[in-house]
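Let me give you the structure first, and then I'll get to my questions.
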Protein chains: 2
Amino acid sequence: MSAVPSKVEEIVCTLRTEILSGQYRVGERLPSERDLASRFESNRGGIREVIKKLEQLGIIEVTPGGVRVRPVEEATLEVLGYLLELGEIQKPDLFAQVLDVLGAMFSLSVRSAIDRATDEDISEIATIIEGLIESITDDSVEKHHELWMTLTEKMIAVHQNLVLKLIGNGLRTRFMAGINSPDFEPVIDQEAVRQVLNDLKNAVEEKNSELAGRAIIRHFDLMKSGLVDFSEQSADTESQRRTGHA
Amino acid sequence: MSAVPSKVEEIVCTLRTEILSGQYRVGERLPSERDLASRFESNRGGIREVIKKLEQLGIIEVTPGGVRVRPVEEATLEVLGYLLELGEIQKPDLFAQVLDVLGAMFSLSVRSAIDRATDEDISEIATIIEGLIESITDDSVEKHHELWMTLTEKMIAVHQNLVLKLIGNGLRTRFMAGINSPDFEPVIDQEAVRQVLNDLKNAVEEKNSELAGRAIIRHFDLMKSGLVDFSEQSADTESQRRTGHA
DNA sequence: AGACCAAAGTGGTCTGACCGATTTGGTCTG
DNA sequence: CAGACCAAATCGGTCAGACCACTTTGGTCT
């Protein structure tokens, strides 16, 4: 991706945000190509390129007669990242839903990897998990996330499930970008996480895919419970902001 | 979607198939916009619209200097359906991978639904599962699939997990189209399927989400084992075709 | 209220132009 | 013969304008 977004990309971003934030109702027509060209001081050809990208995302439907907005539930997985980026106006509980799905995905991933792993693979995976445990001790969030990415890539290299990879493309990168933001600090019981990771490591070394899968689920459940606490905190903070208190 | 595909859509389909079937190597440049316009007897503006759609799919990267092919592993989930449609040239074991992921998704879906369902929801879900069991007795594949769609929609209506919905958009519709094709006849132990569905129904009625989740996994494992048998059969058939035998 | 119809407006497709960035191929040098 | 250099060719990005078939809109009539 080029460093400087093209004019078409900038317009894509603006319209996508407008659509996903609900500025247009489902079924409503977007302004015409000529109107959009005028608004963005662009040309009809460029606007048509923009519309093709939004159509491919699944959030609009193009027909002679006009371009209409489709329900976000019928879009592609790619819109998820953009929804998450909308921050405060995101759908209720979207993060929790992402965590549920991530947990199921990782659980399947670790089970598939263990079922196909060589002893060398097992050793490598266990080493990465040890690093995760250490990063809790070192209180290094950045390293923790880095190692989750490494673990993800290692497991995919072992089981080579393309479907998991493709779902991960639309899920993990945007989501990890979200949880890496400085505003996101869920309250998580670090000791419980350490215990779960230890259980995961043991299950991996014993080549027990069922136990490993369960440990992953427990891990994501912990993140979810921390998210609930975090949402309540941020809801409080938001309420304070509205009443003008620090 | 209009009944008659536009010229742009036809070109999108042709180039997407060429790219996904490996006609271009990763990193290789596509023919230029002007060359493609000439090949398809079209115009550069239309070709640029085509390229924007392929870019949004994640299978090409557009920069000044040329359009290059990206690895399919880095694409969006949407390409999965097109890969499945490629039939014989599909990636080895792709169907099995889809089934693994579908199983995990459905398992999470049924667990999430049970955890949030009212008694009325539970009753409706159980009724749908009873219909699934009956469709095995009636040997009605079409009704069976129809009811799976109904069950899917009902569970989504209950748990309202947007992420599952979006993944399902890119996974289920194309996949179901695939398994509805007359060429696809996996050998499945119908009695075992009936038993699993019965267990699922009981788990639903008892509001036991763990058991229900396991029943779903067992169901998809059965489909997977049937797929393996089917792949071996179709591999044999393919071998016979190549040697010129009926 | 419903039918009808002309006008206006929509997207689909096309031609041609210009510009900045990248690639290509030839030439020269060590 | 490899590497550097550079001009030409080619690439994608953006633009203006035209024409056509289809859809929407608004006025008129019954």
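Which pairs turn up if I take residues in the range A:31-44 that are under 17 Å from A:GLU10 (Cβ atoms) and in a loop (DSSP other than H, G, I, E, B) and look for partners that are of a type in the set (Val, Ile, Thr) and more than 6 Å from DNA strand C (Cβ to nearest atom) with beta carbon separation below 9 Å, at least 6 apart in sequence or on another chain?
Sorted first by the residue in the range A:31-44, then by its partner, the pairs are A:PHE40/A:ILE11; A:PHE40/A:THR14; A:PHE40/A:ILE47; A:PHE40/A:VAL50; A:SER42/A:VAL8; A:SER42/A:ILE11; A:SER42/A:VAL50.
State which residue is nearest to A:SER107 (Cα to Cα) when the search covers only the range B:89-142 and only residues that are open to solvent by 80 Å² or more (accessible area, probe 1.4 Å) and touching a residue at least 60 places away in the same chain (Cβ under 8 Å).
Taking the candidates together, the pick is B:ASP115.
Report the residue count in the range B:71-88 for those that are open to solvent by 70 Å² or more (accessible area, probe 1.4 Å) and modelled with pLDDT of 90 or more.
Of the range B:71-88, the ones open to solvent by 70 Å² or more (accessible area, probe 1.4 Å) are B:74, B:85, B:88.
With modelled with pLDDT of 90 or more added as a condition, the list becomes B:74.
Here the count works out to 1.
Right, here's the next one. Has the range B:60-69 got any residue that is open to solvent by 30 Å² or more (accessible area, probe 1.4 Å) and in a helix (DSSP H, G or I)? Please lay out each step first, then the result.
In the first step, residues of the range B:60-69 are kept if they are open to solvent by 30 Å² or more (accessible area, probe 1.4 Å); the result is B:61-65, B:68.
Next, from what is left, pick out any that are in a helix (DSSP H, G or I): none.
Within the range B:60-69, not a single residue is open to solvent by 30 Å² or more (accessible area, probe 1.4 Å) and in a helix (DSSP H, G or I).
A further question on this structure: Can you tell me which residues in the range A:10-46 are open to solvent by less than 40 Å² (accessible area, probe 1.4 Å) and either of a type in the set (D, E, K, R) or more than 15 Å from DNA strand C (Cβ to nearest atom) (or both)?
Selection gives A:VAL12, A:ARG16, A:GLU18, A:LEU20, A:GLU33.
In addition: Tell me which of these A:VAL67 doesn't satisfy, since it passes every other one: (1) more than 10 Å from DNA strand D (Cβ to nearest atom); (2) under 21 Å from B:VAL12 (Cα atoms); (3) in contact with a helix residue (DSSP H, G or I) (Cβ under 7 Å, 6 or more places away or on another chain); (4) within 11 Å of another protein chain (Cβ to nearest Cβ).
All conditions are met except number (4).
Exactly one condition in (1) at pLDDT 95 or above; (2) in the same structural domain as B:LEU162 (by TED's automatic domain parsing) is not met by B:VAL98; state its number.
(1)
Sticking with this one: Can you go through B:LEU80, B:LEU84, B:LEU54, B:LEU94 and tell me which one is more than 8 Å from every other protein chain (Cβ to nearest Cβ) and within 17 Å of A:ASN161 (Cβ to Cβ)? Write out each step before concluding.
Working: B:LEU80 fails: more than 8 Å from every other protein chain (Cβ to nearest Cβ); B:LEU54 fails: within 17 Å of A:ASN161 (Cβ to Cβ); B:LEU94 fails: more than 8 Å from every other protein chain (Cβ to nearest Cβ).
Going through B:LEU80, B:LEU84, B:LEU54, B:LEU94 in turn, the sole match is B:LEU84.
The values are calculated or read from the model by the stated rules, or taken from the named source; none is laboratory data. All values reported here derive from a predicted model rather than from experimental measurement. Here the Cβ is made from the backbone with ideal geometry for all residues, glycine too, and neighbour counts use every protein chain on show. With ligands, DNA and RNA removed, areas are computed over all heavy atoms of the protein, side chains included. Shrake-Rupley method; radii C 1.70, N 1.55, O 1.52, S 1.80 Å.
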